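Asker: My structure is below; once you've seen it, I'll send some questions.
The values are calculated or read from the model by the stated rules, or taken from the named source; none is laboratory data. Model, not experiment: these values are computed from the prediction. Virtual Cβ from ideal backbone geometry, glycine too; neighbours counted across all protein chains shown. In case anyone asks, the SASA skips ligands and DNA or RNA and just uses the protein heavy atoms, side chains included. Shrake-Rupley method; radii C 1.70, N 1.55, O 1.52, S 1.80 Å.
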Amino acid sequence: MISDSSDAGSSTGSHVLIIGGGMIGCALADRLTLEGMSVRVCEAGALASGTTAHGEGNILVSDKGPGPELELASFSRRLWPDVLQRIAGQLPEDAAGVEWEPKGGIVVATTAAGAAALEEFARGQRAAGVRCESLDADRLAAAEPALTRDVTASVFYPDDAQVQPVGAAAALIGSAVAAGAIVETRCAVTGPIVRDGHLVGVRTSRGARYADVIINAAGPWSGRVSELLGAPIAVKPRRGDVLITAPLPPTVFHKVYDADYVGAVGSSAADLQSSAVVESTRGGPLLLGSSRRQCGFDDRLRPDSLAAIARKALRLYPVLADVAIMRAYGGFRPYVDDHLPVIGPDPRLPGLWHATGHEGAGIGLSVGTAELIADALAGRRAEVDIAAFTVDRPAVITVREQVSL
């Protein structure tokens with residue numbers, strides 16, 4: 001059930017309490033109810049109203065170099081079709097609202113240096129098991145007729161996919177609710193309930209909530225939540241903006257982005273980082289990105305960011321010069337300095353777990369993250385080693401706290 005009233009049932013009713021009703025929280029709720037656990041989700045605002053509602057719905061392997069995040073991305077990508085098939089068997093309308101599109105991605109370079117970097121990056125990915133292939137000029141033109149011909153290299157990634165992010169979150173939480181999960185919106189966490197050194201519950205704006213396991217899945221707000229609970233983690237907001245065009249006839253057929261995107265994702269710079277990302281939606285508008293900037297929770301749209309996005313999109317698709325921009329939006333992504341998510345138990349406070357820090361990859365990594373948490377809670381060996389995402393690493397907790405553990 002989804003509750004908006006103060007009557008949230010018994011204070012001892014839930015075994016797992018998930019803080020945050022965005023994509024990660026919804027995926028956790030779905031997977032943990034499937035595991036047979038009793039689940040409650042506490043969301044400070046409305047479901048999927050934060051980072052999830054301000055993203056592009058990307059499920060990518062193309063932007064991740066060899067290492068733990070690529071392993072998690074590949075694992076999660078394999079899980080997505082099965083998860084959607086399971087939900088469709090019970091909730092077909094919800095599953096249809098996900099708008100699953102395994103359309104593939106194309107990464108292009110427009111300079112000689114960019115081509116060399118892209119081809120080297122792709123070689124490393126192939127060695128790590130990623131499916132990708134270089135396209136010559138003719139194949140690229142056939143795949144994307146409106147794309148600029150001023151391209152020095154291009155690589156096709158058939159496993160890149162896209163979903164409608166709010167629709168995907170709604171399908172996952174719908175599945176969880178159908179299995180008995182309780183969802184409380186407008187339920188903000190205000191403090192911890194600790195007994196004998198264990199976190200046994202949280203105080204919220206709607207009263208005390210108790211659980212055996214409490215998972216911090218609050219996205220960019222995870223840092224604030226962790227401070228309230230007495231076990232701070234260094235998850236910060238990173239701002240990103242998106243432009244949306246007026247509806248168009250079929251113009252862009254894959255997720256297309258320039259090779260600078262990978263560098264912008266991996267950059268730790270606080271100032272504006274931008275690259276060209278162009279992709280279609282089922283309704284007709286194009287989504288134009290992307291930008292990254294560390295500016296706290298300042299939610300103003302900034303002209304320099306929007307101008308950089310538009311300029312770089314036009315570099316790839318000159319045909320967009322006369323296309324109207326319908327609207328722009330921005331949101332915050334949960335950023336960690338070492339660019340890896342935070343997944344697993346907090347060694348400082350038994351009972352507290354984290355599932356956060358995915359930055360702009362949370363949609364794609366969500367079902368894999370939920371699987372890792374489910375395996376860890378059940379004591380099973382996971383397909384992807386959760387140790388790479390441990391809370392106890394320098395980018396997540398302070399050196400002083402590291403020494404005291």
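Asker: In the range 294-342, what trypsin sites (Lys or Arg not before Pro) fall in a loop by DSSP, with at most 15 other Cβ atoms inside 10 Å?
Answerer: Arg300
Asker: Could I ask something else about it? Tell me the mean residue ellipticity at 222 nm calculated for the chain from its helices only (DSSP H runs of n ≥ 4, each -39500 (n - 2.57), averaged over every residue, nearest 500).
Answerer: For the chain, the value works out to -10000 deg cm²/dmol.
Asker: Here's a follow-up. Computed FRET efficiency, Cβ-Cβ of Glu227 and Ala142, R0 45 Å: what is it to the nearest 0.05?
Answerer: 0.30
Asker: Tabulate in residue order the Karplus-calculated ³J(HN,Hα) for the range 92-106, using 6.51 cos²θ - 1.76 cosθ + 1.60 with θ = phi - 60°, rounded to whole Hz; enter x for Gly and Pro.
Answerer: x, 5, 4, 5, 5, x, 5, 6, 4, 9, x, 7, x, x, 10
Asker: With every protein chain kept in place and ligands, DNA and RNA left out, what is the accessible area per residue of the range 34-180? Probe 1.4 Å, answer in Å².
Answerer: The answer is 40 Å² per residue.
Asker: While we're looking at this one, here's another question. Please report the antiparallel percentage of DSSP beta bridges with both residues in the chain, rounded to the nearest 5.
Answerer: Just about 70 percent of them are antiparallel.
Asker: Further question: Starting from the amide H of Gly191, placed 1.01 Å from N in the peptide plane, find each other amide H under 5 Å away whose residue is 5 or more places distant or on another chain.
Answerer: Residues meeting the criterion, in which the H sits 1.01 Å from N, are Arg203.
Asker: Sticking with this structure for a sec: Starting from the Kirkwood Rh over alpha-carbon pairs, what translational D in µm² s⁻¹ does the range 37-163 have by Stokes-Einstein at 20 °C and 1.002 mPa s?
Answerer: The diffusion coefficient I find is 127 µm²/s.
Asker: Work out the charge dipole of the range 63-205 with +1 on the Cβ of Lys and Arg and -1 on the Cβ of Asp and Glu about the Cα centre, then indicate which of Gly201, Ala142, Ile173 is farthest towards its positive end.
Answerer: Gly201
Asker: Can you tell me how much longer the chain between Ala388 and Arg131 gets when fully stretched, taken as 0.36 nm per residue apart minus their C-alpha distance, in nm with one decimal?
Answerer: Stretched fully, the Ala388-Arg131 segment lengthens by 90.2 nm.
Asker: Collect residues whose amide H, placed 1.01 Å from N in the peptide plane, falls under 5 Å from the amide H of Trp353; neighbours closer than 5 in sequence don't count.
Answerer: Result for Trp353 returns Ile214, Ile215, Asn216, Asp346.
Asker: State the cysteines of the chain left without a partner when partners are defined as other cysteines whose beta carbon lies under 4.7 Å away.
Answerer: Among the cysteines of the chain, those whose Cβ sits 4.7 Å or more from every other are Cys26, Cys132, Cys295.
Asker: Okay, next question. Within the set of other residues whose C-beta is less than 9 Å from the C-beta of Arg238, count the net charge using Lys and Arg as +1 and Asp and Glu as -1.
Answerer: Charge balance near Arg238 sits at +4.
Asker: While we're on this one: Please report the spacing between the Cα centers of the range 316-339 and the range 205-235 in Å, no decimals.
Answerer: Each part's Cα centre sits 30 Å from the other's.
Asker: When Lys and Arg each count +1 and Asp and Glu each count -1, what net charge do the other residues less than 14 Å away from Ala88, Cβ to Cβ, add up to?
Answerer: -4
Asker: Quick one: if the Förster radius is 35 Å, what FRET efficiency do Arg149 and Asp304 give, using the C-beta to C-beta distance and rounding to 0.05?
Answerer: That pair, Arg149 with Asp304, gives E of 0.75.
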